[in-house]
Structures are given as C-alpha cells and as structure tokens.
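Peer 1: I have a structure I would like to understand better, so I am pasting it below and will then ask my questions one at a time.
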Amino acid sequence: MSRLSGETMGTSWSVRLVDPAPEAMTTIETALDRVVGQMSHWSAGSDLCRFNQAAADVWHPLPSELSDVLAAALRVARASDGAFDPAMGRLVDLWGFGPPGPRGTAPSLAEIRAVQGGRIEHDSARCRARRTDPAALDFSGIAKGHAVDAVAGSLRDTGHRDFLIEIGGELLGEGVKPDGQPWWVDLAPLPGIAPVRIALHGLSVATSGADQRNFVVGGRRYSHTLDPRTGGPIANGVVQLSVIHPNCMLADAWATALTVLGPDASAVAERETLAMHRVWRDGGVLREAMSSALEAMLSD
C-alpha cells in the first residue's frame, strides 16, 4: 500500500492506495487542479471568480462540474432554510476569511447588511447562472467534499478499487485495506466523549465545528463559521459536528449547514435522514447526540 500526499485548496491532501498505478499521482493532481481551476474563491482566474466579477443580472455559462456543485449547494440551502448559502462570498470576505485577508475589527451591522440580500439563479439544464448584487459565489462549505469525490472518481476510472482519500479533514473510503479490513476512522476525539468508529466502506465523513478556526477581536473569540441568515459568526455552542454520507460533497455541505443550525440540527437531520454526530458545549460540559440514521449505521 502506498501513501501519496500534497497540498491543495489551502490545505493538505493524502491518499492511501492499494496497488497504485504508476500514474496515480498525476491522476490525483489533475483532478484537484480541475476543481481549483473551476471553484477556487482565492484564484482570480478560476471560473467561480470570473463569474463573481462578471456583470450582475446576466446569464453566464458555467463548466458542467461547477454547475453540478452549485445545484447541490442550492438544494442544501433550501432544505436547511438558509443555514447554508453558496452566495455569501461577500460576507466571507467582509469577515476576513477570503482573499482580502483578515481584519482587526468586527464589521458593523451596516457593513453586514450591505453584503446581504443578493441571490443566485441557476439554470442547470443549460449550465448557466446569474446573480443579483451583492451575491457572490463561495464554495468553501462544499468544494473540499466535491474534490474528494472528484479524486475518487478519477481513481475509479483508472482501475483503482481500494483507497482512502483525505482532503482537509474530509474523508472517503472505498474497498478494503490489504489485510481485508475496511478503512476504519474515528470521529475526532474530545475530552469526555467516547470516540465513534466508522467503517468507510463506500462512505464519506465531513466534520465542521466552531473550535476549528476562529479569530479574536477585542477579547472576543469569533467562529469562522458564519450564519448566512444573521450575517455573523455562529455562537450556538456547537464544538464539532460530523455527517457520514456516500457523497462527500453532500456530507461537507450538510456538516456546515447543521453546524449553523445548532440546536435545530437534530430535527433537520432526522427529516433528511442524515447520519449525524453532534457535540456541543452546555455550560462547562460537553454533550453529544447522534441521529437515528447514524445509530442504525452503528448497529449494523
């Protein structure tokens, strides 16, 4: 078994491959470069950035993969009642998480309101979209998951059947290890919370959480996870939330949406039959919950 690794999308990636073909590294890097070239919020030459910089209220053609990811993002946005929003690029930039870089003060309410309210219209049949100001696409809550799926697809197309892919903490396992065991992974352990072990056999897991990235302004710590509905960082006590799903793109998007939903996440996970594990801070105590779909998965 070989382990290949590198960097992409501002983070690291690794792939464990059983019986890798000589061109495996090229296969992986080509898939990742294609995702970056289409969906990067940081690369001015990406298709996503060109869309954001183009005229508003005009239909613009999209590459088919970008169009597919946008369609999935908009479905999650509707199903989560706006807790996920691929059109919040200006808000991400305003809070210092985009290409303009970090800021030393929190934005004012007026600044926040100025970058809210735009929308994205998508014509999936014609692979095109248009935006109204100030909407701007940002796929930071879904692109890593899509990249995992893209790498998996490219590996399958080149004859690989047994592998574990990880990009920035999002994972997908397929087939088995050389010893015949599945790709076992533990959801990130936390003090006082027993690890949850998952066999990634044709499954993905994506994890989000307020403790993963944040910044401090005026002695106050802000989460990097923004609530599109309020325009500000979440403060709902969620420490870590994981979604297990056959599709890593959807696991990624739903992990973000459910993290934003906080105490309402369980009801939405049940409605959408999502396998979810949530840990939140209740005063000084960490508490956990898992959805019925995850409980059923663990009991099989």
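Peer 1: Scale the Cα Rg of region 182-299 by the rule-of-thumb value 2.2 N^0.38 Å and send over the ratio, two decimals. Write out the running numbers ahead of the final one.
Peer 2: Working: Rg = 14.2 Å, N = 118, 2.2 N^0.38 = 13.5 Å.
Rounded to two decimals, the normalised Rg is 1.05.
Peer 1: If you don't mind, there's one more thing I want to ask. Most exposed first by the Cβ proxy, i.e. fewest other Cβ within 10 Å, how do VAL268, VAL15, VAL148, VAL243 rank? If you can, show how the numbers build up before the last one.
Peer 2: Working: VAL268 19, VAL15 25, VAL148 29, VAL243 32.
Ascending number of Cβ neighbours within 10 Å: VAL268, VAL15, VAL148, VAL243.
Peer 1: Separation between the VAL58 and SER2 pseudo-spin-labels, each 7 Å from Cα along Cα→Cβ, expressed in nm?
Peer 2: So the two model labels end up 4.6 nm from each other.
Peer 1: Another one. Please report, in debye to the nearest 20, how large the charge dipole of the chain is about its Cα centre when each Lys and Arg carries +1 at its beta carbon and each Asp and Glu carries -1 there. Could the numbers behind the result be given before it?
Peer 2: Values: 27 positive and 35 negative charges, 148 e Å.
Dipole of the chain, to the nearest 20 debye: 720 debye.
Peer 1: As a check on your grasp of the helix formula, calculate [θ] at 222 nm for the chain: sum -39500 (n - 2.57) over DSSP H runs of n ≥ 4, divide by the residue count, round to the nearest 500. Walk me through the numbers before you get to the answer.
Peer 2: Numbers: 9 runs with 95 residues, N = 300.
One gets -9500 deg cm²/dmol as the mean residue ellipticity at 222 nm.
Peer 1: Something else now. How large is ³J(HN,Hα) for each residue in region 2-18, as worked out from phi by the Karplus curve 6.51 cos²θ - 1.76 cosθ + 1.60 (θ = phi - 60°), to whole Hz, x for Gly and Pro?
Peer 2: Using θ = phi - 60°, the values come out as 10, 10, 10, 7, x, 10, 6, 6, x, 8, 9, 9, 8, 9, 9, 10, 8 Hz.
Peer 1: For the pair ARG161 and ASP186, what calculated FRET efficiency results from E = 1/(1 + (r/R0)^6), where r is the Cβ-Cβ distance and R0 = 25 Å, to the nearest 0.05?
Peer 2: 0.55
Peer 1: Then there's this: Work out which helices of the chain, taken as complete DSSP H runs, extend at least 18 Å along their axis over the Cα atoms and score a mean Kyte-Doolittle of 0.5 or more, then list them. If you can, show how the numbers build up before the last one.
Peer 2: Details: long enough: 24-39 (23 Å, 0.41); 64-79 (23 Å, 0.70); 143-157 (21 Å, -0.05); 248-261 (19 Å, 1.53).
Both cut-offs are met by 64-79, 248-261.
Peer 1: Among CYS248, CYS49, rank each residue by its count of other Cβ atoms within 10 Å, from fewest to most, as a rough exposure measure. It would help to have the intermediate numbers written out before the result.
Peer 2: Numbers: CYS248 28, CYS49 19.
Ascending number of Cβ neighbours within 10 Å: CYS49, CYS248.
Peer 1: Suppose every Lys and Arg Cβ carries +1 and every Asp and Glu Cβ carries -1, with no other charges. What dipole size does region 47-131 come out with about its Cα centre, to the nearest 20 debye? Spell out each step's value before the answer.
Peer 2: Values: 11 positive and 10 negative charges, 28 e Å.
Roughly 140 debye, rounded to the nearest 20.
Peer 1: Semi-axes of the equivalent ellipsoid for the chain, please: Cα gyration tensor eigenvalues, times 5, square-rooted, ordered largest first, whole Å. Intermediate values should be presented prior to the final figure.
Peer 2: Details: eigenvalues 176, 131, 59 Å².
Rounded to whole Å, the semi-axes are 30, 26, 17.
Peer 1: Between ASP33 and LEU286, what length comes free when the chain is fully extended (0.36 nm per residue of separation minus the Cα-Cα distance, one decimal in nm)?
Peer 2: Values: separation 253, 0.36 × 253 = 91.08 nm, distance 3.93 nm.
Between ASP33 and LEU286, full extension yields 87.2 nm more.
Peer 1: Give me LEU74, LEU62, LEU298, LEU91 ranked fewest to most by other Cβ atoms within 10 Å of their Cβ, as a rough exposure proxy.
Peer 2: LEU298, LEU74, LEU62, LEU91
Peer 1: Sort 128-140, 150-162 by the packing proxy (mean of other Cβ within 10 Å over each peptide's residues), most packed first. Intermediate values should be presented prior to the final figure.
Peer 2: Values: 128-140: 20.6, 150-162: 17.0.
In decreasing order of mean packing, 128-140, 150-162 become 128-140, 150-162.
Since every read-out is calculated from the coordinates, none of them should be taken as a lab result. All values reported here derive from a predicted model rather than from experimental measurement. With ideal geometry, Cβ positions are generated from the backbone for all residues, glycine too; neighbour counts draw on all protein chains shown.
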